[in-house]
Amino acid sequence: MGLRLSVLEQRMQIPWKCKPSPSHQLIIFMSQTLTIYSSTISDLKLQSADIVFLLDGSNDMRASERQILDFVREIVKQIEIGPSKVQVALTQYSTEPTTDFLLNTYSQKDDVLSHLSNVNLKGGTSLNTGVALDYVKNSVFSASSGSRAQQGVPQILILLSGRKSGDDVSGAVDRLRNAGIILYSIGLNNADRLEIEQLAHSPQAKYFIKEISDFPLVREHRDIVFLIDGSDDVRSSFSAVREFVERMVDSFDLNQGKDKVAVVQYSNNAELSFNLNTYNTRDDVLKHVASLQPKGGRPQNIGAALQFVKDKVLVSNAGGRRHEGAKQILVMLAGGRSRDSPRGPARMLKAAGVVTFAIGSRMANSAEMQVISSDPNYAYSVPDFVNLSRIQQSLMSQLTQMGVEEETKEGRDIVFLLDGSDNTRNGFSAIQDFLYKVIERLDIGPNKDRTAVIQFSNEALANFFLSSFMRKEDVLTAVRRLSHKGGRPVKMGAALKYVKEKVFTAASGSRNTANVPQILVVLNSGASSDSVDLPVASLKESGVRILTIGTKNSDHKEMEKMSHAPSYTLSVAEMSLNLPSERKPPGKDVVFLLDGSDGTRRGFQAMRDFVQKAVEKLSVDDNKDRVSVVQYSRDPAVQFYLNTYTTKGDILDTVRGLRHKGGSPLKTGEALQYLRDNVFTASAGSRRLEGVPQVLILLSGGRSYDSVDAPATALKQMGVLMFAVGTRGSDLGELQKISHDSRNAITVPEFTDLAGVQEQLQSSSNSVLFAKVLNCLSCCLFSVDTGKKDVVFLLDGSDGTRNGFPAMRDFVERVVGKLNVGPNDDRVSVVQYSRDPEVNFYLNTYTTKEDIVDSVRGLNHRGGIPLNTGAALRYVRDNVFTNSSGSRRLQGVPQMLILLNGGKSSDNVDTPASALRQQGIFVIGIGTRNSDRSELQKISHEPRYALSVPEFTDLPGVQEQLSTAVVVDDVVFLLDGSDGTRNGFPAMRDFVERVVGKLNVGPNDDRVSVVQYSRDPEVNFYLNTYTTKEDIVDSVRGLNHRGGIPLNTGAALRYVRDNVFTNSSGSRRLQGVPQMLILLNGGKSSDNVDTPASALRQQGIFVIGIGTRNSDRSELQKISHEPRYALSVPEFTDLPGVQEQLSTVLSTVKAVPPSRKPPGKDVVFLLDGSDGTRRGFQAMRDFVQKAVEKLSVDDNKDRVSVVQYSRDPAVQFYLNTYTTKGDILDTVRGLRHKGGSPLKTGEALQYLRDNVFTASAGSRRLEGVPQVLILLSGGRSYDSVDAPATALKQMGVLMFAVGTRGSDLGELQKISHDSRNAITVPEFTDLAGVQEQLQSSVEAVVVDVTPETPTETGMLTSAPPCWLERLPDLFHPVVGKLNVGPNDDRVSVVQYSRDPEVNFYLNTYTTKEDIVDSVRGLNHRGGIPLNTGAALRYVRDNVFTNSSGSRRLQGVPQMLILLNGGKSSDNVDTPASALRQQGIFVIGIGTRNSDRSELQKISHEPRYALSVPEFTDLPGVQEQLSTVLSTVRVRGTPMTPTVTGKKVTDFYTPMSL
């Protein structure tokens, strides 16, 4: 492809019809000239030319060097290089010319570009253009240099000059023309216009660029994806969307491959229209765009669509060119609010470097658009899509800038050259940590700092170049993943040469030519085996500054020779120890707390002078030090916060103007507490969380009226250094309690004597004094807080855990839900392993719970064999529990590893487990029946921390052992904002702030809302507005009094009930979270409060009323939960007096959370969408529609999901996709038949088990909500349904199968919960006839699943043979009282002696007759010794489990009846306790040979340990046992929400000789 004019014009097409830039004009004119001269080679179907660039390389051009060379590169990129095509040469000149390369030097474009990337302008003071022109004619345009003039190939010279030549050019120009050389002249900067015109071969071949900013910018490659809302909501305006995309595409550079375009439509799911690599021309793209039709469907799942774009479109196999350096851009158009959360996928796109523009119509959520867009400026809004043209120009302007490299403004190019030889193997992790810390401090970016890492030993190896990563996260990730190179000997000279030639080059990202500082940091552990002299000299000559860090084995003379200066040579003892530590945060935050009470009036001037002198010595102006001043007496008053002033002058002016506050009594304790809660906070300017030392200087003139103990301790725990200065009126003991160290408590006779201790406080020589303590503080600042932890999950991702992986994922999600995640709170990492480990994310990857949960939900099973647990443990120790990966072990933060393991390790775990233990990492091992228990015990912190479940689906059973559930509240403050409370409003505000300070705020912890009212109510913020305590406190501090009359308390109560205590406003009432309303009221209501107060009570909202002397006490008592919760103060300023009383009430409410029965059911429709059901699909759709119409969706009782399947399943929507019946019906009506074959019902059932009946997909199975599956199938399954159907039944899913004449009835019966629930119709069009029947069956079974309290009972026995004769006498009456059935009571029997043996499981028999028959046929087992402890453990782990028929997780009460005939040979304490923790109710029945105290330990309570002389006397305890059984049935209160009405009885019968 040659330089055809039409192609070039398309490529140079500029938006907005701008005049082409000089480079564009030049190429157009070059193409015209080539066309004229190309007749001689037209038969070859290509064009050729010899082009020589002649560049002014003098000193004057250095500032423009980058633009000049980029210009040359851009022209080269656009032409075909080759021996028979275009050849290129480059010559520079100043006084004399020099050739960089000749016409025949390179025959490949890549080689030319590579050379150009390493070119620097030669420099020089004078400029002889005439000499240079003659040189080019004679030495470059010659046959020996590659010129093809004799073959008629056009000879072209492009001259760039920056000033008038010092010699004559006219003769040289004539000689060029006579030789047939076409000259284009470009004048830059101070070029002489007449000379440039004289040089050009025609008037059209000259160009002038006066400003360097006018130089053509180089356009990068761009991948542009349009993500279009194609839902039903935008159908009417879709043509406007289409036209918008067409106009955008029309401006792109598609024909030459600079830009590539893809289009994706979305509604409830995403659908690819075409990929980035589908089309290569603009015409093809425009043709496809013009044919686009809306895909239809609803609702809009923008989160899923963003995820689709990230995973399926912007990837290399779909044409994505991110790894080639292309800028990836997403333009998203949304016509409505997203039904799913876009937050996680949007964040992942940003992390991947994708630039996202979000365009929303009026129906879209603007906050969502801000979240999705890469920058707030990239979020656009239009009233309707027909108005898209309004934002088109702005968007195109942004996109144009996206594709242009901007001029470098600042930053540094820093190369780390690391000794990777065998000498540093042991210390490499320390090198890695050091590197991580240094890079963490840099400002990484394309126009900021860039970094490269090179390792060397006998040769150099680049880990990454300066151009590899432009985001700090990417650099840090690459540093984490560094592996030690190894090798010997150490050849540092060769490594330095490599760095000079391959790293500090433009091709590798160096910006040396743009005068960006070039820095080389060398870490070296020994003397080099080769010479470093020449490469060091070369680097220094290029302006590279070298810093060296060596060990005791390094050659220090060699290091000094390399270093930029002696001060650039550092040394450490070992690489594994004492590498240069991270920079301490600068400065300090200093707060002065001044006693402003009546007793200090005379001394206040001296206090003010003291503060002034102290401030004068601080470094405020360079933002090192910050200052705050607070006065106090009865209450504190902030004079200014730490972030109020940024200059010393402003602070001193304010201090000089301070006035004495006055007041009494002196409450130092309250003032200290106030500082903790309001001044030493981020919002007030404190930099404590950034590691900046916090200092408090107290000047107090008397003894405190209140206690200082608790607030002083709280400040010390925060790491605040306190210095207390008092007078003779102060209490020295109190001052010592307050001070950081008792020696830091200083007294003076009067405040006028303060000048005498000023120097003492600020002296740096005394160990108790100010400055030295500050220097030490940053080392221990964060070691005080023990409430946080670093938690790593290590998940077995091998082939053996594939089926259990969704359960593992859910488990991690639930545990994370209990944590308090944040950069300074809990941190989480997840690692999967099989043969080798793979980090899903590090401890410092995510800082919010939402991000972690999003990432966990997106985990894919890794697969692989063998299972190397030992290697994985070693890996997490060396790569995850490290500083660089976010571990805070060295700061004393507890480290925890939770291992989920499904099999025995192929390698040894002893050494790595011991290493973790030695490092203080607390390990909990959780295994399944396939795990090696002794191996798990070795790995775990102690054997008792090795937990076990039969299958990963039983993981919720160990949840309680991992974390204790915390009861949280939704708290709403209702504040009287009427005219009568204006004076008291600041006190109300402070009260709210103090209460909030005691709460544990978070999205999964306490939530807070504030509402003001007078005549009508106004919400300040809702329960879901803020998720951090800091945000709430900031908002409360900013509250303004509302004002207004009259006071309508009744209307306000009604308003909060209907508008604040609701799902949409963040209330979690339906999830059982306690709801609390705190009313602050200053007068009698003008309207009636009785009905709204009663309505709040009926809704379970706990109301506390707090009034003043102006309130109506009886009214407050009516409103409050009980009269005793109506509190009273004289004025709002006295609110602190009820603070403790309120705290007591709050803790009472937290201690007794309301119990809640889970409502409704979760219903999943599984529809056969194979080719055979195409005709009947409409009827299936109608059937689902009618079924949904009868459900209670809108009040969150029932949830619905629809899945279609044929060869594979496709989710139409999940159980948590829609919350209204209308949305579900709309989507069902829009369902399209899937098609496909064969029909794989088994695979679809398995898919539902793993992906739909899960917590993350909206299933409430673990909350005890009945799970219902309705299958509509039109044919026999191609695969087996047995195992997946059984698995669903074991999960407690109630299944109803409906088939046609083409179905296999036996298969339908296998699938159905009960064979009677399998229904057939001739055709799907006959479904209406069974709709009522099926509806009744579902309701009947669901009701049957949720009546009173169910029980699951097991019998464990160890008795002599004669007991068997009497067992039916005991057993038959017991079973006779049970209602046995698969959905009713269940029974199991286990015998034991030395070890246990199951006679039958809870799900073995479903009828009373079968159980009694089996019991009658029991044979005595025999054996010694009697291990009751082992038997109890066995039934817990193997019988009271999902897979064995236990329904504990569905809330069915679990009961164990133990029949025991002797003392146990092993310990029963731990297994008995474990059963109790799991909520299993144990009744122990023993004989005279039993150990009574042992039986009492085992039993639920000592009174449930029953006794008979011999087993033949068992009938005597029959009545007693029946009474206990009925008690359990009535009182059954399982830990999880309860499914009532059935029981499972597990008879556990130990059998010894």
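Taken over the stretch 1026-1059, the criterion of being touching an Asp or Glu at 6+ places or on another chain (Cβ under 8 Å), open to solvent by 20 Å² or more (accessible area, probe 1.4 Å) and polar (S, T, N, Q) is satisfied by ASN1048 alone.
From the list LEU418, LEU466, which residue is assigned to a loop (DSSP other than H, G, I, E, B), on the phi < 0 side of the Ramachandran plot and touching a helix residue (DSSP H, G or I) at 6+ places or on another chain (Cβ under 7 Å)?
Details: LEU418 fails: assigned to a loop (DSSP other than H, G, I, E, B).
Exactly one of LEU418, LEU466 is assigned to a loop (DSSP other than H, G, I, E, B), on the phi < 0 side of the Ramachandran plot and touching a helix residue (DSSP H, G or I) at 6+ places or on another chain (Cβ under 7 Å), namely LEU466.
Against the definition (closer than 20 Å to LEU1271 by Cα and at pLDDT 85 or above), how does ASP1112 come out, yes or no? No; evaluated as a whole, the condition is false for this residue. The set of residues in the stretch 174-208 being part of a helix (DSSP H, G or I) and more than 24 Å from LEU121 (Cα to Cα) consists of ASP174, ARG175, LEU176, ARG177, ASN178, LEU194, GLU197, GLN198, PRO203, GLN204, ALA205. The set of residues in the stretch 1377-1394 that are at pLDDT 85 or above and in a loop (DSSP other than H, G, I, E, B) comprises SER1393, ARG1394.
Based on what the data block shows, is ARG1249 out of contact with any Lys or Arg (no Cβ under 6 Å at 6 or more places or on another chain) and in a loop (DSSP other than H, G, I, E, B)? Spelling it out, it is not the case that ARG1249 is out of contact with any Lys or Arg (no Cβ under 6 Å at 6 or more places or on another chain) and in a loop (DSSP other than H, G, I, E, B). Small (Gly, Ala, Ser) and buried (at least 22 other Cβ atoms within 10 Å of the Cβ): does that describe GLY701? It is true that GLY701 is small (Gly, Ala, Ser) and buried (at least 22 other Cβ atoms within 10 Å of the Cβ).
Could you tell me how many of the residues in the stretch 992-1019 are open to solvent by 40 Å² or more (accessible area, probe 1.4 Å) and touching a Gly at 6+ places or on another chain (Cβ under 9 Å)? Qualifying residue count, the stretch 992-1019: 5. Residues in the stretch 953-977 that are more than 30 Å from PHE1102 (Cα to Cα) and open to solvent by less than 10 Å² (accessible area, probe 1.4 Å) were compared, and the one that is modelled with the highest pLDDT is LEU955.
Filter the stretch 1252-1279 for residues that are more than 30 Å from VAL815 (Cβ to Cβ), touching a Pro at 6+ places or on another chain (Cβ under 9 Å) and either open to solvent by 20 Å² or more (accessible area, probe 1.4 Å) or part of a helix (DSSP H, G or I) (or both) and give the result. Residues satisfying the conditions are TYR1278, ASP1279. Tell me, which residue of the stretch 294-349 that is under 21 Å from the mean Cα position of the chain (by Cα) and assigned to a loop (DSSP other than H, G, I, E, B) is farthest from ASP1223 (Cα to Cα)? The extreme case among them is LEU314. Counting only helices (runs of 4 or more DSSP H) that fall entirely inside the stretch 1-97 and contain at least 2 residues that are open to solvent by 10 Å² or more (accessible area, probe 1.4 Å) and at pLDDT 50 or above, the qualifying elements are 65-77.
Is it the case that the stretch 350-358 has a residue that's closer than 22 Å to GLY297 by Cα, in contact with a Ser or Thr (Cβ under 9 Å, 6 or more places away or on another chain) and either buried (at least 20 other Cβ atoms within 10 Å of the Cβ) or in contact (Cβ under 8 Å) with a residue 24 or more places away in the chain (or both)? Explain how you work it out, then say what you get.
Of the stretch 350-358, the ones closer than 22 Å to GLY297 by Cα are 358.
From what's left, in contact with a Ser or Thr (Cβ under 9 Å, 6 or more places away or on another chain): 358.
Retained after the next criterion (residues that are either buried (at least 20 other Cβ atoms within 10 Å of the Cβ) or in contact (Cβ under 8 Å) with a residue 24 or more places away in the chain (or both)): 358.
Checked against the condition, which is being closer than 22 Å to GLY297 by Cα, in contact with a Ser or Thr (Cβ under 9 Å, 6 or more places away or on another chain) and either buried (at least 20 other Cβ atoms within 10 Å of the Cβ) or in contact (Cβ under 8 Å) with a residue 24 or more places away in the chain (or both), the stretch 350-358 yields at least one hit.
Determine whether the stretch 318-332 contains at least one residue that is surrounded by fewer than 16 Cβ atoms within 10 Å (Cβ to Cβ) and either at pLDDT 85 or above or hydroxyl-bearing (Ser, Thr, Tyr) (or both). So far as the stretch 318-332 goes, no, none of its residues is surrounded by fewer than 16 Cβ atoms within 10 Å (Cβ to Cβ) and either at pLDDT 85 or above or hydroxyl-bearing (Ser, Thr, Tyr) (or both).
Please indicate, with yes or no, whether at least one residue in the stretch 709-719 is assigned to a loop (DSSP other than H, G, I, E, B), β-branched (Val, Ile, Thr) and under 26 Å from GLU1030 (Cα atoms). Within the stretch 709-719, none of the residues are assigned to a loop (DSSP other than H, G, I, E, B), β-branched (Val, Ile, Thr) and under 26 Å from GLU1030 (Cα atoms). Given the structure, is VAL1008 out of contact with any strand residue (DSSP E or B) (no Cβ under 8 Å at 6 or more places or on another chain), within 28 Å of LYS818 (Cα to Cα) and of a type in the set (Val, Ile, Thr)? Against the criterion (out of contact with any strand residue (DSSP E or B) (no Cβ under 8 Å at 6 or more places or on another chain), within 28 Å of LYS818 (Cα to Cα) and of a type in the set (Val, Ile, Thr)), VAL1008 does not qualify. In the stretch 1304-1330, the residues that are more than 20 Å from ALA1187 (Cβ to Cβ) reach residues that are at pLDDT below 85 and surrounded by fewer than 15 Cβ atoms within 10 Å (Cβ to Cβ) with C-beta atoms within less than 6 angstrom, at least six apart or across chains, in these pairs: GLN1309/SER1315. From the set of residues in the stretch 101-114 that are in contact with a strand residue (DSSP E or B) (Cβ under 6 Å, 6 or more places away or on another chain) and either in a helix (DSSP H, G or I) or within 18 Å of THR513 (Cα to Cα) (or both), which is most open to solvent (accessible area, probe 1.4 Å)? Out of the qualifying residues, it is LYS109. Taken over the stretch 1232-1246, the criterion of being touching a residue at least 60 places away in the same chain (Cβ under 8 Å), surrounded by 16 or more Cβ atoms within 10 Å (Cβ to Cβ) and touching a Lys or Arg at 6+ places or on another chain (Cβ under 8 Å) is satisfied by HIS1233, GLY1236, LEU1239. Figure legend. Inter-residue proximity from the stretch 1466-1487: first residues under 11 Å from ARG1433 (Cβ atoms) and in a loop (DSSP other than H, G, I, E, B), second residues of a type in the set (Asp, Glu) and open to solvent by less than 40 Å² (accessible area, probe 1.4 Å), beta-carbon distance below 8 Å, spacing 6+ or different chains. Indicated pairs: VAL1468/GLU1494.
The residues of the stretch 666-677 that are open to solvent by 10 Å² or more (accessible area, probe 1.4 Å) and closer than 16 Å to PRO1136 by Cα, listed by number, are LEU666, LYS667, GLU670, GLN673, TYR674, ASP677. Screening ASN189 against (1) in contact (Cβ under 8 Å) with a residue 60 or more places away in the chain; (2) surrounded by 20 or more Cβ atoms within 10 Å (Cβ to Cβ) leaves a single unmet condition, (2). Count of the stretch 120-139 residues, restricted to those that are touching a residue at least 60 places away in the same chain (Cβ under 8 Å) and part of a loop (DSSP other than H, G, I, E, B), is 8. Within the stretch 874-904, take every residue that is open to solvent by less than 60 Å² (accessible area, probe 1.4 Å) and within 21 Å of ASP1437 (Cα to Cα) and give me the one that is farthest from the chain's Cα centre (by Cα). Checked the stretch 874-904; the qualifying residue farthest from the chain's Cα centre (by Cα) is GLY903.
Summed over the stretch 469-511, the residues that are in contact with a strand residue (DSSP E or B) (Cβ under 8 Å, 6 or more places away or on another chain), among the charged types (D, E, K, R), part of a loop (DSSP other than H, G, I, E, B) and more than 30 Å from ARG347 (Cα to Cα) give a count of 3. Just one of the listed residues (LEU520, LEU461) is part of a strand (DSSP E or B), of a type in the set (A, V, I, L, M, F, W, C), in contact (Cβ under 8 Å) with a residue 40 or more places away in the chain and buried (at least 21 other Cβ atoms within 10 Å of the Cβ), namely LEU520. The numbered conditions (1) surrounded by 22 or more Cβ atoms within 10 Å (Cβ to Cβ); (2) at pLDDT below 90 are all true for VAL828 except (2).
So is SER1446 touching a residue at least 12 places away in the same chain (Cβ under 8 Å) and over 26 Å from GLY1264 (Cα atoms) or not? No.
The values are calculated or read from the model by the stated rules, or taken from the named source; none is laboratory data. These numbers come from a predicted model, not from an experiment. For neighbour counting, all protein chains shown are included, and Cβ atoms are generated from backbone atoms with ideal geometry for every residue, glycine included. Note: areas computed on protein heavy atoms with side chains; ligands, DNA, RNA excluded. Shrake-Rupley method; radii C 1.70, N 1.55, O 1.52, S 1.80 Å.
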